[in-house]
Amino acid sequence: MKPSIPKGTRDFLPQEVRRRKFIFTTIERVFKKYGFAAIETPTMEALETLTGKYGEEGDRLLFKVLNNGDYLAKANPAALESKDSKALTSSISKRGLRYDLTVPFARFVVMHQNELNFPFKRYQIQPVWRADRPQKGRYQEFYQCDADVVGSKSLMLEAELLMIYHEVFKALKLNVDIQINNRKVLNGIAIEAGVGDKFVEMTTAIDKMDKIGVDGVRKELDKTGIKGEQIDSILNLLSHERVADLKAKLTNNIGLAGIKELEDCFSYLPEEIDDVRFTPTLARGLNYYTGCIMEVKAKDIQMGSIGGGGRYDDLTSVFGMKDMSGVGISFGAARIYDVMRDLELFSDDVDKDLDILLLAMDDDSHRYAFKLLTQLRKEGFAAELYPEPAKMKKQMKYANGRAVPFVILIGSEECNTGLLSFKNMQSGQQDKLNISEIIKKLHTT
């Protein structure tokens, strides 16, 4: 059998795992700094929990899990005979892999409401699955790193989440464009253009602006039955890139309420947060957003969004808990990794997994080296001994393959004198030092 993995998934080599953990650790450190606590939810959720929360396209991308045992025993016979996959699915699958972390979080909040202290600030770093067509920067299995707050409508929270984006990407040395808009503003634009009843169709079209451009959006809007003068009005309103300019053009209360929320959010942001900008064409296609929406894109490379989020006022109500507003953001760790790899932003410290490697010439020196190995590890160093006294050329090839910064070469002379051959693998310099001197040198390197 030829070994393979499902499309849209990836294996990760040791270097890739180290780099990914660096990203996760950086994000997690900032989450904790802002007072967020970690939770985890199951890989699988009840299918009814997931469906209807992401729009029609999102429902199509859900991975369904077949029922246990003979799943066809209780299959809908009519659906099976007519090959009606939608009707058949409900009778053979009751569970699905989570599509994102936000809907499971809403379910979590409702189930554990009596155990939580509101406002509740949580972060979650776990994998999600989407049956999307794999392509560059788009996978069927990937990690999301989410931070959400439920139980408060304060626009201060949107500002804090924008600050988290700013701080994380600065720490990762990524030059980004943090965009913000408001779904009420988009609703106001639809009302102003006379297409309030086609709000979903309008936002679905303009959400593709980056991919298909203005002319493409015009064609998409035309397909929905929106008239030419209405399309002109929509595109004209979307052309205003300053909140104040768009505010002057809106006359309906819904749109102006969205403008007010944006103004409040910006009023909280410190002056040094200079990578956040109002983007009227930002739509965020997920149906559950009701207020401010955010998205992050890398400036120095062509890639889709590497982060996104927004305000959702009604998500927990579908699980029976009303008046529980929430707001959250997500980091697309897979894309962030790809961007940092392509831009060569990972430092040597991130790639290093060994501090020192010991190489022995013969059996006696190998046993001697093993005692030193234990001593080095007690000092907190990541240390390894080549498992057998092989030819030095073979051992040095291994050392180079591990990109280890230092090696200790041990033969009979080193065993007798206690002076070890300590080699800097980058400079090539080699010194005779005892183990105490080596430990001191490693601590100061």
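The values are calculated or read from the model by the stated rules, or taken from the named source; none is laboratory data. Predicted model, so just to flag it, every value in this text is computed and none were measured. Counting neighbours? That spans all protein chains shown, and the Cβs are built from the backbone with ideal geometry, glycine included. Only protein heavy atoms, including side chains, enter the accessible area calculation; ligands, DNA and RNA are left aside. Shrake-Rupley method; radii C 1.70, N 1.55, O 1.52, S 1.80 Å.
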- Which one of VAL149, PHE118, ALA131 is farthest out on the positive end of the charge dipole of the range 109-156, using unit charges on Cβ (Lys, Arg +1; Asp, Glu -1) and the Cα centre as origin? ALA131
- Query: How large is the Kirkwood hydrodynamic radius of the range 172-280, in angstrom, based on all distinct alpha carbon pairs?
  - Reply: 14.6 Å
- Taking the Cα centre of the range 120-191 as origin, sum charge times position over the Cβ atoms of Lys and Arg (+1) and Asp and Glu (-1), and report the length of that vector in debye to the nearest 20. 160 debye
- GluC sites (Glu not before Pro) restricted to the range 219-316 and DSSP loop, no more than 10 other C-beta within 10 Å: GLU271, GLU272
- Task: Work out the charge dipole of the chain with +1 on the Cβ of Lys and Arg and -1 on the Cβ of Asp and Glu about the Cα centre, then indicate which of VAL350, LEU262, VAL17 is farthest towards its positive end.
- Result: VAL17
- Query: In whole Å, how far is the Cα centre of the range 248-287 from that of the range 349-397?
  - Reply: 58 Å
- Ordering 392-399, 201-208 by per-residue average of other C-beta atoms within 10 angstrom, highest first, gives 201-208, 392-399
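Order the following by accessible area, largest value first: LEU72, LEU97. Probe radius 1.4 Å; ligands, DNA and RNA are ignored.
LEU72, LEU97
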- Item | Rounded FRET efficiency, nearest 0.05, which uses the C-beta distance separating SER347 from GLU388 and R0 of 35 Å | 0.60
- Note on the structure: Counting only backbone N atoms under 19 Å from a point 7 Å out along Cα-to-Cβ of ALA257, the residues of the range 180-218 in range are 181-200, 203
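How long is the gain from ASP323 to ASP232 if the chain were fully straight, where each residue apart is worth 0.36 nm and the alpha carbon distance is subtracted? The partial results should precede the final answer.
On the way: separation 91, 0.36 × 91 = 32.76 nm, distance 3.71 nm.
Gain on stretching ASP323 to ASP232: 29.0 nm.
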- Query: What size of dipole, in debye to the nearest 20, comes out for the range 265-365 about its Cα centre when the only charges are +1 on Lys and Arg C-beta atoms and -1 on Asp and Glu C-beta atoms?
  - Reply: 1200 debye
- Once phi for every residue in the range 429-445 is put through the Karplus expression 6.51 cos²θ - 1.76 cosθ + 1.60 (θ = phi - 60°), the whole-Hz ³J(HN,Hα) values, with Gly and Pro written as x, are 5, 10, 10, 9, 9, 7, 5, 5, 5, 5, 4, 4, 5, 5, 5, 9, 7
- Item | Cross-link pairs beyond the 21 Å C-alpha cut-off, checked among LYS94/LYS198; LYS32/LYS121; LYS393/LYS423; LYS198/LYS219 | LYS94/LYS198
- In vacuum, with every alpha carbon of the range 126-166 counted as one equal point scatterer, what does the Debye formula give for log10 I(q)/I(0) at q = 0.28 Å⁻¹? Two decimals, please. -0.91
- Item | Euclidean distance between Cα centres, the range 289-313 to the range 163-197, Å | 6 Å
- Within-10-Å neighbourhood charge of MET294 [Cβ basis; K, R +1; D, E -1]: 0
- For the ARG138, ASN400 Cβ pair and Förster radius 30 Å, calculated FRET efficiency rounded to 0.05 is 0.25
- Message: Show me, bin by bin at 5 Å from 0, the whole-percent P(r) of the range 227-320 based on Cα pairs.
- Response: 2, 10, 17, 22, 21, 15, 9, 3, 1
- Message: Whole percent per 5 Å bin, from 0 to the bin with the longest distance: what is P(r) over all C-alpha pairs of the range 27-127?
- Response: 2, 11, 18, 17, 16, 12, 9, 6, 4, 3, 1, 0
- Probe 1.4 Å, all protein chains in place: accessible area of ASP59 in Å², nearest 10? 50 Å²
- Item | Extent along principal axes [Cα atoms of the range 120-236; Å; largest to smallest] | 46, 38, 26
- Query: What size of dipole, in debye to the nearest 20, comes out for the chain about its Cα centre when the only charges are +1 on Lys and Arg C-beta atoms and -1 on Asp and Glu C-beta atoms?
  - Reply: 920 debye
- Once you've got the GNM for the chain with C-alpha springs shorter than 10 Å, pick whichever of THR374, THR281, THR316 has the biggest mean-square fluctuation. THR374
- GLU115-VAL214 FRET efficiency (beta carbon distance; Förster radius 41 Å; 0.05 resolution): 0.25
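I need the peptides 213-219, 408-414 ranked by packing, meaning the mean over residues of other C-beta atoms within 10 angstrom, with the highest value on top.
408-414, 213-219
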